[in-house]
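Written below as structure tokens is the structure these notes are about.
The values are calculated or read from the model by the stated rules, or taken from the named source; none is laboratory data. Here the structure is a predicted model, which means the values were calculated and not measured. With ideal geometry, Cβ positions are generated from the backbone for all residues, glycine too; neighbour counts draw on all protein chains shown. The protein model used for the area step is the full one, side chains on, heavy atoms only, and it has no ligands, DNA or RNA in it. Shrake-Rupley method; radii C 1.70, N 1.55, O 1.52, S 1.80 Å.
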Amino acid sequence: CKAISNSLKGKSTGRFGAKHPRWIADRSLIKRKQERNNPEYKQWRYSVWLRDNFKCKIANPDCIGRIEAHHILGWNEYSELRYEINNGITLCHAHHPRKRAEEKLLIPEFQQLVGVS
């Protein structure tokens, strides 16, 4: 191993920057992760949890895991509603939808649970 390491010193293996397999060419994608870490998002999440008494709104015996504040109408598609309290619902990990298609089918039910028509 030491011989291989010494033989590669000073040589480029071609796995830096854009040549790296996990390189992200669209740098705006990196910024998107940080948007959910800002104070406004954290306040929205806390307000949704507080409104729902820190409990899953579906509240049946299947409830397990941590609670999550879920956007009823998507974060990307409805950017004007990102921090609207009535666009959020508290769900446990078991009830949080995992697929976009499933999420879209549940929109009317979630809106009814939070009292939005």
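For segment 70-111, a tally of residues being closer than 15 Å to Phe54 by Cα, touching a strand residue (DSSP E or B) at 6+ places or on another chain (Cβ under 7 Å) and not polar (S, T, N, Q) returns 7.
Looking only at segment 67-101, residues that are part of a helix (DSSP H, G or I) and either open to solvent by 80 Å² or more (accessible area, probe 1.4 Å) or among the aromatic types (Phe, Trp, Tyr) (or both) come to 2 in all.
Residues checked against (1) among the aromatic types (Phe, Trp, Tyr); (2) under 23 Å from Ser79 (Cα atoms); (3) open to solvent by less than 100 Å² (accessible area, probe 1.4 Å):
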position	(1), (2), (3)
His20	no, no, yes
Trp23	yes, no, no
Ser28	no, yes, yes
Pro39	no, yes, no
Lys42	no, yes, yes
Arg51	no, yes, yes
Phe54	yes, no, yes
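Scanning segment 102-117 for residues that are open to solvent by 70 Å² or more (accessible area, probe 1.4 Å) and either in contact (Cβ under 8 Å) with a residue 60 or more places away in the chain or over 16 Å from Cys56 (Cα atoms) (or both) returns Glu102, Lys104, Leu105, Pro108, Ser117. Per this entry, Glu40 is counted among residues that are among the acidic types (Asp, Glu), part of a helix (DSSP H, G or I), in contact with a Phe, Trp or Tyr (Cβ under 6 Å, 6 or more places away or on another chain) and at pLDDT 75 or above.
Being surrounded by 17 or more Cβ atoms within 10 Å (Cβ to Cβ) and assigned to a loop (DSSP other than H, G, I, E, B) is a description that does not apply to Cys63.
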